[in-house]
Amino acid sequence: MGIKRSANTCQSQTAVQYNTIKVRLYPNAEQAELFQKTFGCCRYIWNQMLSDHEEFYYATDKHFIPTPAKYKNEAPFLKEVDNQALIQEHNRLSQAFRNFFRNPAAFGYPRFKRKKDDRDSFSACNHVMGSSATIYITRDAVRMTKAGLVRATFPRRPRSGWKLTRITVERSKTGKYYGYLLFACPVHKPETVEPTAERTIGLKYDLAHFYVTDDGVTADPPHWLKQSKEKAAAIQKRLCRLQPGSKNYQELVQKYRLLHEHIANQRRDFLHKESRRIANAWDAVCIRDDDLKAISEELGGNSARDTGFGMFRELLRYKLERQGKQLLEVGRYTPTTKVCSVCGAVNETLSPKVRRWVCPVCGAEHRRGQNAAVNIKAQGLARCRETAEAS
């Protein structure tokens, strides 16, 4: 009896965690052609299913999405690609409608896809039948249905016990192919870490310094990211002087795309390292749920969204959860900047351009970002205590 209880206890403490390994794919000419056909077929089947769904809804006032099998007789080219990729498009469209009905303001109504602005990608699930599988990896390749063995380079290898569940193939704007391998791996559930004031940090988004902590520490993006953006601006000026469609113009466009891809990789590397450092160093993080899109529109540009702070929040969230820690979010309309963190008085006359100010009630001197971070931390911990008491 003791052994059985121990086994059941161990089983209840395990969970399934999903990890993704991004690999660089090097398809040959035939495989690249197959990938291009699959991208187009996925886009075609999405638009056809969405169009038929709308016609059926207008006629019957009911929701129904046809399966890809309906279109294969009238579009025989769909049989040339992996059927799993078409099935995944059906699943994605169904999920898009479920998200829309659950929260229309956040997700929006599914739209038709256009070739010039759509992401070239498709997904396929791995089906294991006995000792064989439809998708598997070798030392230097990934085996896929109809494509066969596609040469690949792996930044890291899956650990023992990881099971390959799905692959997503993507072609970037620069013509590079990538594969996203999704693995299901069993892990032990982490013990929940109760946040304390000493082991909790408050973060305030800052356009100039990325964020400011309640201790006054800033996280300025690396200088090389700024240098890359300056190079991109210089190339864009040169593009304005060239004739569109010329050979020099096309070569410079490709160089511009490669540089933007490099900037995106640099930004992603910075966000991953910074979020990992914070998740390992603190037991809880308090942050405000700022609407970066609204901030960008208010400032008249894309500066707020270009920083990647929204991605930073999501990276921080899942890295904390995997350690049993919490990301304590404060409502975006909660007053933090104009509130004195010492006495709680509200300074309604505070101008957005003022970086330092003195509380008119208690006389405390504040730095704008640090004061807001202190208030965010206090609000986050207070809501966490309220939730714990209510439960």
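Before moving on, here are some points about what is shown:
- Once all protein chains are placed together, F107 keeps about 110 Å² accessible to a 1.4 angstrom probe.
- Scaled radius of gyration (Cα, divided by 2.2 N^0.38 Å) that the stretch 205-354 gives: 1.30
- Per-residue ellipticity at 222 nm computed for the chain from its helices equals -14500 deg cm²/dmol, with DSSP H segments shorter than 4 residues left out and the rest contributing -39,500 (n - 2.57).
- For K79, a cut-off of 26 angstrom between C-alpha atoms picks up these lysines, skipping any fewer than 8 places away in its own chain: K37, K70, K113, K115, K116, K146, K176.
- Considering only G216, Q250, L203, the residue lying farthest towards the positive end of the dipole of the stretch 185-250 is Q250, judged by Cα position with unit charges set on Cβ.
- Interchain or long-range residues, amide H under 5 Å from A219's placed H: Y211
- Unit Cα scatterers, Debye sum, the chain: log10 I(q)/I(0) for q = 0.07, 0.11 Å⁻¹: -0.47, -1.10
- Translational diffusion of the stretch 131-195, µm² s⁻¹ [Kirkwood Rh, Cα pairs; Stokes-Einstein; 37 °C; 0.692 mPa s]: 233
- Calculated accessible area for the stretch 61-150 comes out at 62 Å² per residue, all protein chains present (probe 1.4 Å; ligands, DNA, RNA ignored).
- Inter-part distance where the stretch 177-197 and the stretch 69-96 are each reduced to a Cα centre, Å: 32
- Computed over the stretch 147-270, Kirkwood Rh from alpha-carbon pairs, angstrom: 19.5
- Projecting the Cα positions of Q323, I295, C362 onto the charge dipole of the stretch 246-391 (unit charges on Cβ atoms of Lys, Arg, Asp and Glu, taken about the Cα centre) puts Q323 furthest along the positive direction.
- Accessible surface of the chain, 1.4 Å probe, proportion on carbon and sulfur as whole %: 51
- In a simple Cβ point-charge model (Lys, Arg +1; Asp, Glu -1; nothing else charged), the stretch 119-201 has a dipole of about 480 debye relative to its Cα centre.
- Averaged over its residues, the stretch 260-391 has an accessible area of 54 Å² per residue, based on protein heavy atoms and a 1.4 Å probe.
- For the stretch 56-161, the normalised intensity computed at q = 0.10, 0.15, 0.24 Å⁻¹ comes to -0.46, -0.91, -1.39 (log10 of I(q)/I(0), Debye sum over alpha carbons, equal scatterers, no solvent).
- Count of lysine pairs in the stretch 256-391 with Cα separation under 16 Å (8 or more residues apart, or interchain): 4
The values are calculated or read from the model by the stated rules, or taken from the named source; none is laboratory data. All values derive from a computational prediction rather than experimental measurement. FYI the Cβ positions are ideal-geometry reconstructions off the backbone, even for glycines, and counts take in every protein chain you see. These area figures cover heavy atoms from the full protein model, side chains too; ligands, DNA and RNA do not enter into them. Shrake-Rupley method; radii C 1.70, N 1.55, O 1.52, S 1.80 Å.
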